[in-house]
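Derivation of every value follows stated rules applied to the coordinates shown; laboratory data play no part. What you are looking at is a predicted structure, and each value in this text was computed from that prediction instead of being measured. Positions of Cβ are generated from backbone atoms using ideal geometry, with glycine treated the same way; all protein chains shown enter the neighbour counts.
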Amino acid sequence: MADNITAQSKIVGRQSVLFQNSPYIIAAASIAGKKEGEGPMGAHFDVIQQDPLLGKDSWEEAESELIRQAAEKVLEKAGLKNTDIRYLVGGDLLGQLIATSFGIAELEIPTFGLYGACSTMGEAISVGAMLVEGGYAEKVLALTSSHFAGAEKQFRFPLDYGNQRPYSASWTVTGSGTVIIGDRNSNHPKAGEASVVIKGITTGKIVDYGIKDSMNMGAAMAPAAFDTIRQNFEDLGVEPSYYDKIITGDLGYVGKNILIDLLKEKNYDISGNHMDCGIEIFDKDSQDTHAGGSGCGCSAIIFAGYILEQLRIKAWKRILFIPTGALLSQVSFNEGKTVPGIAHAIIVEAE
């Protein structure tokens, strides 16, 4: 397709949508934990919490507090009230989305709870953008979160157990990221900053390569990232160079290599413009996070912070943002099931 994609239909190819009235990201906010704040991305987060419990009695309550603070922060930055938001879309890693439901209850915003594991920010932005572009909402708040201790407790071992972590394991990010998606009339960028537009999406499907190791999420998620990215290229008829950056969620060092190799087998080379949030969020040498970062909050806080900053200053013109998720639960893992993956891609441009 031409450099400025146009389409008679919103439905493009097998899995993609291109918006005719593109929605805008009108505000974003990120709340990060202490370890995340000490990493290379620390300067780009709105708030860094020094207390992992955020003054609460449990890890689950702490994650709800992260979400509450992120939602209130993005409303503050946008100059909006909760009553200005038509829908809230989002979720988290905890069972039945309890971090989200308890965290946002007081906002009293009509809510769609989503579960895409660590791909949830991509899913939330996708659904929010379709709601706005379809005329069903003027403003939608999309969010997600994760918490290291809460995820360890649910999916692996409580912290008191003190188990050894293999080098393939990633470190679940403590953080919550949120954006407000609005129509053109809602968009009021700061002087000197570019507007950020959601041009389209490619919705991922469940991909299962038979991985059973819950301590190697990169290997489980990389095939799903490969499938969605390849489908985006095919649906739009573009090459990797169409994007200034192709940004995956939390594949880490293991998953990144697998992704690049899988795409090369299909004659797509993204090694020159690929970035992974799980690699960028921690310092490999000094922070001892093994394969890198993961969790819903990983890609969410980097997107709400660093990535949007780069678009607003036009350091990047066009990106493909692909949060990645591993679809396992305590039940499926204990029953010896595989770990399927999913990845959702968002086309975001500076205007």
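For segment 193-350, state what percent of all Cα-Cα pairs lands in each successive 10 Å bin, counting from 0 Å until the bin that includes the largest distance.
Over segment 193-350, the share of Cα pairs per 10 Å bin runs 12, 41, 35, 11, 1, 0 percent.
Can you compute 3J(HN,Hα) from phi for each residue in segment 305-316, using the Karplus curve 6.51 cos²θ - 1.76 cosθ + 1.60 with θ = phi - 60°, rounded to whole Hz and x for Gly and Pro?
With coefficients 6.51, -1.76 and 1.60, one gets x, 4, 5, 5, 4, 5, 6, 5, 8, 6, 5, 10 Hz.
Kindly rank 55-65, 242-252, 77-87 from highest to lowest mean number of other beta carbons found within 10 Å of each residue.
By packing density, highest mean first, the sequence is 242-252, 55-65, 77-87.
Using modelled backbone amide H atoms (1.01 Å from N, in-plane), which distant-in-sequence or interchain residues come within less than 5 Å of Gln49's amide H?
Here Ala32, Gly33, Lys34 satisfy the definition.
With an 8 Å Cα cut-off and a minimum separation of 6 or more residues, compute the relative contact order for segment 190-241 in percent.
34 percent
Match the structure shown to one of the listed values [x] 31.1; [y] 24.1; [z] 19.7 of Kirkwood radius over Cα pairs in Å, computed from it, and give that label.
Label [z] holds the value from this structure.
Would you mind checking the radius of gyration and Dmax of segment 168-267 based on alpha-carbon positions, in Å?
Expressed in Å, the Cα Rg and Dmax of segment 168-267 come to 16.7, 50.
My understanding is that a pair violates if its Cα-Cα distance is over 26 Å; which of Lys34/Lys190; Lys73/Lys139; Lys10/Lys205 do that in this structure?
Lys34/Lys190
Using a Cα-Cα cut-off of under 16 Å, which lysines could be cross-linked to Lys245, ignoring same-chain neighbours fewer than 8 residues away?
Counting by Cα, and skipping residues close in sequence, Lys245 has these lysines nearby: Lys199, Lys256, Lys314, Lys317.
Restricting to Cα pairs below 8 Å that are 6+ residues apart, what does the relative contact order work out to for the chain? Please round to a whole percent.
With pairs under 8 Å counted, the relative contact order is 25 percent.
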